[in-house]
Amino acid sequence: MSQSNDNLTAEFFDSETEWKNVTSDDEMKSVSELAQKQLDASKRVDDLTEQLKIAKEELRNIQEVQLPEKMAEVGFSEIKLSDGTKIVVEDFYNAHIAKSRQEEAFEWLESNGFGDIIKHEVGVKFAKDQSLDAKAAYDQLRAMGLSPFSNKGVHPSTLKAFVKEQVQNGNGDIPVETFGLFIGSRAKIS
């Protein structure tokens, strides 16, 4: 650093510079008001999110429990009202394979002839400078000392369709817990 720069720096720090707050009370009030608006908006979003959650649960209960039960009680699975509204009660199927039950589920699918719905993905992560290696096949990757990964799974939509097909075809021996199986009825209004 030059001597003149050292003198300027020393002068700057030696002088008693009065730092003034250049923010007015009105500006601080605006900042405070905006902060409060943000807090209020955040609370409103949280409240509406909770109300939406409650409304969705109420709708689900009416669709899947109350209306299907009432329709069954009066002996209808489908009805058309005088205003043209049509109510149909249909079965729906839900299933999922928990990570803790994957091997059990895959083994059941394979041993019962349904292994073709299991998708198996094999790949490897490459560094930027390994783009040419990315073209090699799985066996070549292992021979090169790379660590390929292997993912195995059943797509949720495929699983739901499979369960629906099996139940409708009378194959009721699907392990309920293994596949997180749930079958219910749902009213649709159009």
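What to note about this one:
- Full extension of the chain between Met144 and Phe182 yields a length gain of 9.1 nm, computed as 0.36 nm times the residue separation minus the alpha carbon distance.
- Leading residue at positive end of dipole, region 24-75 (Cβ point charges), from Val74, Val31, Ala55: Val74
- Cβ-based exposure ranking for Met71, Met144, in which fewest neighbours within 10 Å come first: Met144, Met71
- Peptide packing for 37-43, 172-178 was compared via the average number of neighbouring C-beta atoms within 10 Å per residue; ordered from the highest value, the list is 172-178, 37-43.
- FRET efficiency, 1/(1 + (r/R0)^6) with R0 35 Å, evaluated for Asn169 and Gln102 via beta carbons: 0.90
- Lysine pairs in region 24-75 whose alpha-carbon atoms fall under 27 angstrom of each other, counting only those eight or more residues apart or on distinct chains, come to 7.
- Placing +1 on the Cβ of every Lys and Arg and -1 on the Cβ of every Asp and Glu, with nothing else charged, gives region 24-75 a dipole about its Cα centre of roughly 200 debye.
- Order of Phe149, Phe182 - criterion: other Cβ atoms within 10 Å of each residue's Cβ, fewest first: Phe149, Phe182
- For His120, His96, order by how many other beta-carbon atoms lie within 10 Å, fewest first: His120, His96
Read-outs throughout are calculated quantities, based only on the coordinates presented, and are distinct from any laboratory measurement. Because the structure is a prediction, the values reported are computed rather than measured. Positions of Cβ are generated from backbone atoms using ideal geometry, with glycine treated the same way; all protein chains shown enter the neighbour counts.
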